[in-house]
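Heads up: the structure comes next, in structure tokens.
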Amino acid sequence: MDLHIESVDLSQMEFTSQLLSSVPAVIAHRYEAFPVFRHGAALVIAMSPERVKDLELIDALYQELRTAQLGIESLEIRVASSEDLRSHIREHYGSNEDYI
């Protein structure tokens with residue numbers, strides 16, 4: 001199966017604290033998922049090329065976000081480089097050791 005998923009360059013974007021609060025830090029670290037855009041109940045997140053192919057992982061992420069009662073009803077996935085994701089997660093959410 002070959003999925004076409006739009007890519008994003010996180011270094012060219014700005015992120016508000018409101019957007020960042022759409023994904024709790026522990027979830028961002030666990031799934032290496034970073035919020036890109038939110039409009040109402042729709043959330044767009046970036047994940048690494050390896051992770052966007054894992055539909056079970058994406059479903060688990062979606063279920064966890066819904067369980068967190070953040071008002072998210074739909075999830076769209078974009079792909080970003082693994083290095084960019086890790087850097088942005090660390091910069092905006094802190095170190096992974098804080099959530100182990």
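Rule-based calculations on the coordinates, nothing more; no lab input. The shown structure was predicted, so the numbers you read here are calculated from the model rather than taken from an experiment. Please note: Cβ atoms are built from the backbone with ideal geometry, for glycine as well, and neighbour counts cover all protein chains shown.
Summary of computed values
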item: Relative contact order computed over the chain (Cα-Cα under 8 Å; 6+ residues apart), in percent; result: 36
item: DSSP beta bridge pairing in the chain, given as percent antiparallel to the nearest 5; result: 40
item: Å³ per residue enclosed by the Cα convex hull of the range 10-94; result: 82
item: Computed magnitude of the charge dipole of the chain (debye, nearest 20; Cβ of K, R +1, Cβ of D, E -1); result: 220
item: Cα gyration tensor shape for the range 44-100, rounded if a/c is under 1.5, else prolate or oblate; result: oblate
